[in-house]
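Have a look at the structure below before the remarks.
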Amino acid sequence: MNRVAIVQARMGSTRLPGKVLKKLCGRPVLLHVVERLRACRRLDGIVVATTDQPADNIIVDLCRQEGIACCRGSETDVLDRYRQAAREQGAEIVVRITADCPLLDPGLVDRMLAAFAAQAPPAAYLSNTLRRTFPRGLDVEIFTAAALARAWREARSPAEREHVTPYIYRHPELFRLANYEHEVDLAAHRWTLDTPADWELIAAVYRQLYRPDKLFGMTEVLALLERQPQLAGLNRQVRQKETGP
């Protein structure tokens, strides 16, 4: 099975414009995300799915310079953008990742891919977001190319087209769903990049944990926050724009 991570990325952001190319320890956020995905042993490919808007030419140029596959499509119909990227890469299994998650844990992605493969009967969709027990910012959604194609054909509402997977997880009568949960509920942690306060936290984590020759993961971030609990307070007041189940 060809397992492809599709990373959606664009320069537009209402709360933190240009966030995917902000520099963390000298490298753009997007490159950190791709680097982490490249460490996943169960992935067969990675592609960045950006928009056809001129503002995102800079993302295409970066991908070209770094040898990263890139696909362009609609700014608002992200479902169509994913369908196009999946077809171009010959994906049979799609791993949906967003470019604003530079604390993504490669080990978690691999464990979830293994859990997806082990589902009996087979699942069409597995994520760690149907019931959140992982920090926000470690979100991973895995689904079959067949489920993606059906959603692409049948989804009608703007929200279903913009957010890619709602048509799948809102129709359990059509798709077999599965959730991947942590033994300890860590959902109160916010590690995604959407606001200046989020940037303060993530930049502080990278300053202390980043090494070019060795990736850190969720365990190391949790240990850091236990040693320095004040860090978690940097973005505690941020409210998430809810789009999930």
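Where a number appears in this text, it was derived from the coordinates with a stated rule and is not lab data. Values in this document were obtained by computation on a predicted structure and should not be read as measured data. Cβ: placed from backbone, ideal geometry, glycine included. Neighbour counts: every protein chain shown.
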Residues whose placed amide H lies under 5 Å from that of residue 71, excluding near-sequence neighbours: 48, 49, 50
Scanning the chain, every Cys lacking a C-beta partner under 4.7 angstrom -> 25, 40, 71, 101
If every Lys and Arg gets +1 and every Asp and Glu gets -1 at its Cβ, then about the Cα centre segment 127-196 yields a dipole, in debye to the nearest 20, of 220 debye
Given unit charges at Cβ for Lys, Arg (+) and Asp, Glu (-), the dipole magnitude of segment 1-140 about its Cα centre in debye, nearest 20, is 440 debye
What residue among 223, 208, 186 has its Cα farthest toward the positive end of the dipole of the chain, where the charges are +1 on Lys, Arg and -1 on Asp, Glu, each on the Cβ? 208
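For a quick check: sort 68, 202, 93 by the number of other beta carbons within 10 angstrom, fewest at the front. Show your work: numbers first, answer last.
Values: 68 19, 202 27, 93 24.
Listed from fewest to most nearby Cβ atoms, that is 68, 93, 202.
Work out the FRET efficiency for residue 57 and residue 111 from their Cβ-Cβ distance, taking R0 = 35 Å, and round it to the nearest 0.05.
Values: r = 36 Å, r/R0 = 1.03.
Working from the Cβ atoms, E equals 0.45.
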Residue-wise HN-Hα coupling along segment 100-113, computed from phi with Karplus coefficients 6.51, -1.76, 1.60 (Hz; x: Gly, Pro): 9, 10, x, 9, 3, 9, x, x, 5, 4, 5, 5, 6, 5
³J(HN,Hα) computed for each position of segment 4-18 - Karplus, 6.51 cos²θ - 1.76 cosθ + 1.60, integer Hz, glycine/proline x: 10, 8, 10, 9, 7, 8, 7, 7, x, 7, 6, 9, 8, x, x
Give me, ordered by chain and number, the residues 5 or more places off residue 141 or on other chains with an amide H under 5 Å from its own placed amide H. 96
